[in-house]
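The values are calculated or read from the model by the stated rules, or taken from the named source; none is laboratory data. All values derive from a computational prediction rather than experimental measurement. Heads up, the Cβs are rebuilt from the backbone with ideal geometry, glycines too, and the neighbour counts pull from every protein chain shown.
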Amino acid sequence: MKDFMTKMVPLTPSDRFPFKCRMCGACCRHVRESVPLESLDVFRLAKYLRDKGEDAGGMEDVLAAYALPVLLSENGYTAFMLKTVGADDACIFLKDNRCTVHPAKPRACRTYPVAVGPYELGGYEQYLSMEQPHHYKGPQMSVKKWVQRYCSRQDFEFLNVDIGSAQEIERLLQKIPEEARKRAMVMFLFYKYSAFDLDKPFMEQFTENNQKLLEALRKLAQRGDTE
Ligand code: SF4
């Protein structure tokens, strides 16, 4: 990850960058533990695969088939990354240099080569990935328009709730006594990645689930306080 970050150049919304997609599939190779699958991505993928007639099951089945868990902290805060296959660590959805889930590809893929992440002082900041320099010949793209086009309002609504609660979740996980950790992790995975009806709007469900997760973790953390 450190190596990955050294290839990211900070951008401002008023910047421009030359870019042309070469349809070479290079961005989708050598992506081991590099492409995050957020809750909203998993929801969209599960729905897309189901509507395509592929029996993907629910969100938890999509994770089991296409993602790998990555521990973000020793307290158990977990993220998911797309699985890779083959000697070149290609994304599991790459076939013949094409993305087989293009209409439902994760946010990180949609905004590529621009990455959008939280700014430590609030709001969001953008970076340009310099890993595939052969793409940087072509028409000039406006960063502001790129982000507006590929990062939807729903993406930002999701990030606001998800990132907005991350510090508290991490703090609560830290306080939960060892014997209750497993239960906390089951709740974390259930509320973030499983307790969704694919036929109902995502954001209402995610916001409610996040609230339930926080309440459940607070109760478990209180046990640690009283011991
Ligand atoms: S989901 Fe599609 S765009 Fe994203 S890495 Fe995989 S093949 Fe590439």
Some residue of the range 39-49 being in contact with a Pro (Cβ under 7 Å, 6 or more places away or on another chain) and either loosely packed, with under 13 Cβ neighbours inside 10 Å or modelled with pLDDT of 95 or more (or both): yes
Sole residue being touching a Cys at 6+ places or on another chain (Cβ under 9 Å) and either of a type in the set (Asp, Glu) or surrounded by fewer than 15 Cβ atoms within 10 Å (Cβ to Cβ) (or both), chosen from Gly117, Gly138: Gly138
Selected residue [surrounded by 12 or more Cβ atoms within 10 Å (Cβ to Cβ), farther than 24 Å from Tyr119 by Cα and in contact with a Phe, Trp or Tyr (Cβ under 8 Å, 6 or more places away or on another chain)] from Ala180, Ala216: Ala216
Selection from the range 69-91 of residues that are over 12 Å from His30 (Cα atoms) and either within 12 Å of the ligand (Cβ to nearest atom) or not in a strand (DSSP E or B) (or both): Leu72, Ser73, Glu74, Asn75, Gly76, Tyr77, Met81
So Thr84, is it in the same structural domain as Met8 (by TED's automatic domain parsing), of a type outside the set (A, V, I, L, M, F, W, C), touching a strand residue (DSSP E or B) at 6+ places or on another chain (Cβ under 8 Å) and in contact (Cβ under 8 Å) with a residue 24 or more places away in the chain: yes
Close pairs (7 angstrom Cβ cut-off, 6 or more residues apart or separate chains): outside the structural domain of Gln167 (by TED's automatic domain parsing) in the range 111-126, aromatic (Phe, Trp, Tyr) and not in a strand (DSSP E or B) anywhere: Thr111/Tyr150; Pro113/Phe19; Val114/Trp146; Glu125/Tyr119
The listed residue being within 11 Å of the ligand (Cβ to nearest atom) and basic (Lys, Arg), out of Arg50, Arg22, Arg29, Arg16: Arg29
Gln140, sole failed condition from (1) touching a residue at least 60 places away in the same chain (Cβ under 8 Å); (2) closer than 30 Å to Glu204 by Cα; (3) touching a Pro at 6+ places or on another chain (Cβ under 6 Å): (2)
Subset of the range 98-146 (residues that are in a helix (DSSP H, G or I), within 11 Å of the ligand (Cβ to nearest atom) and hydrophobic (A, V, I, L, M, F, W, C)): Ala104, Ala108, Cys109
